[in-house]
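**Student:** Below is the structure I would like to discuss, written out as structure tokens.
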Amino acid sequence: MTNNSHQKLLLDEIDILNREAWQKRMTDSNAAQTTSNSVIEKSRLIHYQKGLAEGLRTQGFCMIRLSFYNEAEACLKEALAIFENLNDTYSISSVYEYLGIVHRNWGNLGTSLEYIDKAITLSQRAGNTENETTHYYQLGVTFRSLGNYEKALDHLFKSLSLARSINFSLLEGYAINVIGSVYFEVEDYESALDYYQQGLKLRRVSGDKWGEAGSLDNIGFVHSKMRKWEKAVEYCEQGLAINKITGDKKGEANALVHIAEVHKQTGNFKQAEHYAKESLQIRQAVGDRKGEAEVLLFLSELQLANYDPASMPLLLEEAITALKIAEEIKATDLLSRAHFILYDIYRTGGEFELALSQLELHINLEKQLHKDAINQKIVNLQISHRTEEAKKEAEIFRLRNVELAALYEESNRQRQEIELQKQQAETTLSELKATQKQLIQSEKMASLGELTAGIAHEIQNPLNFVNNFSEVNTELIEELKSQNSKVKNEEQDELLNDIFQNNEKINHHGKRADAIIKGMLQHSRSSSGVKEATDINALCDEYLRLSYHGLRAKDKSFNATIKTDFDASIGNINVIPQDLGRVILNLLTNAFYAVDEKKKSPRPLKGSLDLYEPLVTVTTRRLGSPLGAGGLSGGLLISVTDNGSGIPPSVLEKIFQPFFTTKPTGQGTGLGLSMSYDIVTKGHNGQLKVETKEGEGTMFTIILPI
Amino acid sequence: MKILVVDDETDVKTLFEQRFRKEIKSQELEFAFAFSGEEALKFMNEHEHEAVLILSDINMPGMSGLELLRHIKVKFEKPPPVVMMITAYGDDENYNAAMKLGADDFLTKPVDFLALKDKLKTKLS
């Protein structure tokens, strides 16, 4: 085996031991101390700097645990120098923290804060959350010692949440325990007990014996404050037993004092003195100055409660020692308490002047404490307490708000959707209403149409007889006349002429009725026409001539200007030419009638109206073509416009109903527009629309799909 | 030669007798009348060899003109009688049905008697 590999093995061994010691430093400080001691020796032997420093660091921590603060500082300072050389920030931050603890125990709270601050800066920079968690914990403890409970709780809760985030249950237990202590110090014993018990549970789970003992002692002490003496002693004794095993001197001394306190409260002075003296010995041995002074004052109080003039010198000595220590460590609260006890001692001993001076010193210190600390402590704690409550509440509210926000969001979305649906429903409803109105209208027209057809058929047969018999009558009369011409009979001739004339009338009116019936039947009969490619412009032109000349033939005075505006791009469209022709003829007949009526109507007003020029315009458009209106693509539009009198609103709704006519009896059947409507809508799937302005004219528009 | 006119309107008899009075007088045409499809069939059974031409209305209560047409075309094969249908409903449906059943002609009311006269004279000559 070469030197190098041997060396390597040694270094590996040291590293392993160091890791072991470091891992159990909190849960088994004694074992950690033994291991680190041997590591330090081995490392010094082979000059293994890293191993040495890590050993010293663990050793320093263990010394703190054992309350050997001078030794702890020596170890830590040596370790710090090496780590600084090695530039090992992880270890440096831990060492800073421990130095902070050492100085806190010495009462150098400012220095303590400085070290811990440095540690936090380093760990945050390195992103070392585990170390950061313990730093904040220690910072909280130092602030608690400073009496700044608000800051103490801030840091402790920060540490707690960090510990929880990385599952660092050991430190979670410590943080909870100290939070309990803060509540304890302002006499909120219920809260203190709650936190102590939480801490105990955690420490038991993590196997932290030191911590478990501390928790038990704390719980016992809270019980004594709550005057539950039996429980108090029970818990403190449990803690004490564990302290003895783990060698936690400080914890042992604390537990002893707490038990002594219970005995004092219950009037068991001898037991109280016994426990207190045991605690005093331990504290003196570990150099816990503050603790020593506290026990001394406790013993003084105990003797005063059970005063024996023979013990006066000892009593004075104890109290003065405590006073000196308090002065030395600048513990104002202790000093104040010491002055009060001395006042009590001198008073009891009859030395009133000395007693008075001690009381004055005590009162002055109390004033200072009250002003600087106690009030501050209470206020701070109340604030912290409130802050904590507020935080809890805020979290509850936050969660509730998240829920509410989600609910609000959801209800908002639903509301919008409902609004949208409502609008859609309203639109649909109004559309439906319009459709319904239209349907009712067309239904009326359809049933009228059917009724018309039925009536027409029923009338047709008797009417045929009337016409036929009147025709036969005419023949018979003619025959009779020709027979009569042989035998002259003037009287008979006259009678025959009358009968002949009457028969003519019967025939005339019969034919008239027959024409109406024919129209009605045409109306109802489904068209037998076939759609064929038709030149729409030519069709319009043809019917325009037909209607115009037809009218002119009947009435020579009739005249109107005709304008055509044909879209040449229309070409041939598939329509039923006879049917569409009838529609155009109908519309034109109506248009000519309208302009003629207007021309013939008397005009009360002079001026422009006298220059009335009857005008009928026929327009064709292919929708979507350059001439046609945009929008509808591929449609045919034919419009017939007149500048007649227009249609009064009162009759506008009825114009498409069968038998509706404004023409004098005998001039119109009232079937023209009704039939046209059917031909356009049913026969050609198109639309027949009317636009009119009373006194200005009317425009009928046929729109056919192509 | 007999022409059987079938119509539920009894006045048809008077009308035809007057319209064709000259032809009847000169015995150019001879008319018989039935006022229902059933009556027409009964007449034809009784005068099997007399009726040559049948003029029938379509819309009649009971047996319709089309049913009558079907019966005649099935039952009376020789000699094939000429059947002319007359109706007020000159629609495609009736026309097609009549033609399918073998009608020889299809006239719509009101009847143009001058045209009918020509037709009868042509058919019977």
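**Student:** Which cross-chain or sequence-distant (5 or more) residues have an amide H under 5 Å from the amide H of A:Y612, H modelled 1.01 Å from N in plane?
**Tutor:** For A:Y612, whose amide H was placed from the backbone, there are no distant partners under 5 Å.
**Student:** Also: Once amide H atoms are placed 1.01 Å from N in the peptide plane, what residues at a sequence separation of 5 or more from A:N574, or on another chain, have their amide H within under 5 Å of its amide H?
**Tutor:** So A:N574 has HN proximity to A:T534.
**Student:** Which whole number gives the average, over all residues in A:459-470, of C-beta atoms from other chains lying within 10 Å of the residue C-beta?
**Tutor:** Partner-chain Cβ atoms within 10 Å, mean over residues of A:459-470: 4.
**Student:** A further question on this structure: Mind jotting down the three principal axis lengths of segment A:100-208 based on Cα atoms? Whole angstrom, largest first.
**Tutor:** Computed over segment A:100-208, the largest-to-smallest principal extents equal 36, 29, 21 Å.
**Student:** Over all residues in B:106-116, what is the mean tally of Cβ atoms on other chains that come within 10 Å of each residue's Cβ?
**Tutor:** Other-chain Cβ atoms within 10 Å of each residue's Cβ, averaged: 2.
**Student:** Relative contact order of chain A, please, whole-number percent, based on alpha carbon pairs below 8 angstrom and at least 6 residues apart.
**Tutor:** Relative contact order of chain A: 6 percent.
**Student:** Which of the residue pairs A:K24/A:K290; A:K77/A:K250; A:K24/A:K151; A:K486/B:K109 have a Cα-Cα distance greater than 26 Å in the structure shown?
**Tutor:** A:K24/A:K290; A:K24/A:K151; A:K486/B:K109
**Student:** In chain B, which longest range has no GluC sites (Glu not before Pro) that are both DSSP loop (not H, G, I, E or B) and surrounded by at most 13 other Cβ atoms within 10 Å?
**Tutor:** That would be B:78-125.
**Student:** Which of the pairs A:K556/A:K682; B:K25/B:K121; B:K25/B:K75; A:K511/B:K73 have their Cα atoms more than 26 Å apart in this structure?
**Tutor:** A:K556/A:K682; B:K25/B:K75; A:K511/B:K73
**Student:** Also: What residues have an amide H closer than 5 Å to that of B:L107, excluding those fewer than 5 places away on the same chain, when H is modeled at 1.01 Å from N in the peptide plane?
**Tutor:** B:M85, B:I86, B:T87
**Student:** How are the alpha carbon pair distances in the protein assembly as shown distributed across 20 Å bins from zero to the largest one, expressed in percent?
**Tutor:** Cα pair-distance distribution for the protein assembly as shown, in percent: 11, 23, 13, 5, 6, 14, 16, 8, 2, 0.
**Student:** Determine Rg/Rh for segment A:42-165; Rg is computed over alpha-carbon atoms and Rh is the Kirkwood hydrodynamic estimate from the same atoms.
**Tutor:** My calculation puts Rg/Rh at 0.99.
**Student:** Compute the angle between helix A:169-185 and the longest alpha-carbon principal axis of chain A, please, reported from 0 to 90 degrees and rounded to the nearest 10.
**Tutor:** Result, in degrees: 80.
**Student:** Right, another one. Given only helices, namely DSSP H runs of n ≥ 4 each adding -39500 (n - 2.57), what is the per-residue ellipticity at 222 nm of chain A, to the nearest 500 deg cm²/dmol?
**Tutor:** -25500 deg cm²/dmol
**Student:** Taking each pair of different alpha-carbon atoms in chain B once, compute 1/r for the pair, average those values, and report the inverse of that mean as the Kirkwood hydrodynamic radius in Å to one decimal.
**Tutor:** Its Kirkwood hydrodynamic radius stands at 14.4 Å.
**Student:** Still on this structure, please answer the following. Would you mind giving the mean number of other chain beta-carbons within 10 Å of the Cβ of each residue in A:193-204, as a whole number?
**Tutor:** The mean count of partner-chain Cβ atoms within 10 Å per residue comes to 0.
**Student:** Considering every Cα-Cα pair within segment A:158-216, what fraction, in whole percent, is farther apart than 18 Å?
**Tutor:** Counting every Cα pair in segment A:158-216, those more than 18 Å apart make up 29 percent.
**Student:** Here's another thing I want to ask about it. In whole Hz, with x marking every Gly and Pro, tabulate ³J(HN,Hα) for segment A:415-432 from phi via Karplus 6.51 cos²θ - 1.76 cosθ + 1.60, θ = phi - 60°.
**Tutor:** Values per residue, Gly and Pro as x: 4, 5, 5, 4, 4, 4, 5, 4, 4, 4, 4, 5, 4, 4, 4, 5, 5, 4 Hz.
**Student:** Can I ask one more? In what sequence do A:S94, A:S482, A:S547, A:S569 fall when counting other Cβ within 10 Å, fewest first?
**Tutor:** A:S482, A:S569, A:S547, A:S94
**Student:** Between the helical axis of A:289-305 and the dominant principal axis of chain A, each derived from Cα atoms, what acute angle in degrees is found, rounded to the nearest 10?
**Tutor:** The angle comes out at about 70 degrees.
**Student:** Here's something else I'd like to know. Report, in debye and to the nearest 20, how large the dipole of the protein assembly as shown comes out about its Cα centre when Lys and Arg carry +1 and Asp and Glu carry -1 on their Cβ.
**Tutor:** 1140 debye
**Student:** I would also like to ask the following. How far is helix A:536-554 tilted, in degrees, relative to the longest principal axis of the Cα atoms in chain A, given as a value from 0 to 90 rounded to the nearest 10?
**Tutor:** Value to nearest ten degrees: 40.
**Student:** Going down the list B:K22/B:K119; A:K437/A:K598; A:K563/A:K689; A:K209/A:K324, which pairs span over 24 Å between their C-alpha atoms?
**Tutor:** Long pairs (Cα-Cα over 24 Å): A:K437/A:K598; A:K209/A:K324.
**Student:** Something else: Go through A:7-15, A:231-239 and give me the packing order, highest mean Cβ count within 10 Å leading.
**Tutor:** So the order, starting with the most tightly packed, is A:231-239, A:7-15.
**Student:** Hey, could you pull the Cα Rg and Dmax for segment A:1-92, both in Å?
**Tutor:** Answer for segment A:1-92, Rg first and Dmax second: 12.9, 44 Å.
**Student:** So for each of A:178-190, A:203-215, A:530-542 I average, over its residues, the number of other beta carbons within 10 Å; can you give me the resulting order with the highest mean first?
**Tutor:** Most protected by this proxy first, the peptides run A:203-215, A:178-190, A:530-542.
**Student:** Be a star and scan segment A:461-490 for residues whose amide nitrogen sits under 19 Å from the point 7 Å along the Cα-to-Cβ vector of B:Q18.
**Tutor:** A:461-484
**Student:** Semi-axes of the equivalent ellipsoid of segment A:151-289: what are they in whole Å, largest first, if each equals the square root of 5 times a C-alpha gyration tensor eigenvalue?
**Tutor:** Rounded to whole Å, the semi-axes are 26, 17, 13.
**Student:** With θ taken as phi - 60° and the coefficients 6.51, -1.76 and 1.60, list the Karplus ³J(HN,Hα) couplings across segment A:140-156 in order, rounded to whole Hz; mark glycine and proline as x.
**Tutor:** Per residue, the Karplus-derived 3J(HN,Hα) values read x, 5, 5, 5, 4, 5, 6, x, 8, 5, 4, 5, 4, 5, 3, 5, 5 Hz.
Laboratory data are not the source of any read-out in this text; all were calculated from the coordinates shown. These numbers were taken from a predicted model, which means no experiment stands behind them. Here Cβ is always computed from backbone atoms with ideal geometry, including for glycine, and neighbour counts include all displayed protein chains.
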